[in-house]
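Contents: one structure, followed by commentary.
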Amino acid sequence: MTRPTPRRLAAIALLAVGLLLGLLGAPAPARAQERFIVMASTTSTEQSGLFAHLLPAFTKATGIEVRVVAQGTGQALDMGRRGDADILFVHDQAAEEKFVAEGFGLTRRPVMVNDFVLIGPAADPAGVRGQTSSRRLASSPHPAPHSSRAATRAAPTRPSCATGSSPASPTRR
């Protein structure tokens, strides 16, 4: 085996230094940019299971992940004002219209409605069958024996999307 010449050792050293500098100074391998949007929504809409049902299909069709931040309407609107959300699902029509009028959103579109269903015995001892006004129901001489958690807080009236999306047409039975 012959001994490497100084010239050959210098070439090997230069090559090794070049490779080392190249490895150390090289940027990390480029990854495809993650595509996602942030949706601020009310907790009631998120907890309904609607998003768990719809969003996987949306992501599959578009390649865009939707990250849901569930909170109260006021907090969701604040997220939108700060630019921390791309789309909002909230239920305060007046606040939504103001949000859009102030230039924070592109449009407001109703996408769903809430129906409150009163369930009771067929005999209808409270005499409320067919009544459509919640005031008339509330003034019934036969109070309900218990109420749901939803009845103890402000009832959402028209959840909507304040910044985009397509309107949905609810079906009624």
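Of all the listed residues (Leu106, Leu88, Leu54), the sole one being touching a residue at least 60 places away in the same chain (Cβ under 8 Å) and either on the phi < 0 side of the Ramachandran plot or assigned to a helix (DSSP H, G or I) (or both) is Leu88. Just to be sure before I move on: is Phe99 outside any loop (DSSP other than H, G, I, E, B), out of contact with any strand residue (DSSP E or B) (no Cβ under 7 Å at 6 or more places or on another chain) and of a type in the set (Phe, Trp, Tyr) in the structure I sent? So Phe99 fits the description; yes.
On the given criteria, is Ala101 more than 20 Å from the chain's Cα centre (by Cα) and either modelled with pLDDT under 90 or not aliphatic (A, V, I, L, M) (or both)? No, not satisfied. Of the set (1) at pLDDT below 90; (2) in a loop (DSSP other than H, G, I, E, B), all apply to Ser44 but (2). Using the structure shown, decide if Val90 is surrounded by 15 or more Cβ atoms within 10 Å (Cβ to Cβ), in contact with a strand residue (DSSP E or B) (Cβ under 7 Å, 6 or more places away or on another chain), modelled with pLDDT under 90 and not aromatic (Phe, Trp, Tyr). Considered against the rule, which asks whether it is surrounded by 15 or more Cβ atoms within 10 Å (Cβ to Cβ), in contact with a strand residue (DSSP E or B) (Cβ under 7 Å, 6 or more places away or on another chain), modelled with pLDDT under 90 and not aromatic (Phe, Trp, Tyr), Val90 comes out as no.
The values are calculated or read from the model by the stated rules, or taken from the named source; none is laboratory data. Everything quoted here is computed from the prediction, not taken from an experiment. Note that we place each Cβ from the backbone using ideal geometry, even for glycine, and neighbour counts take in every protein chain shown.
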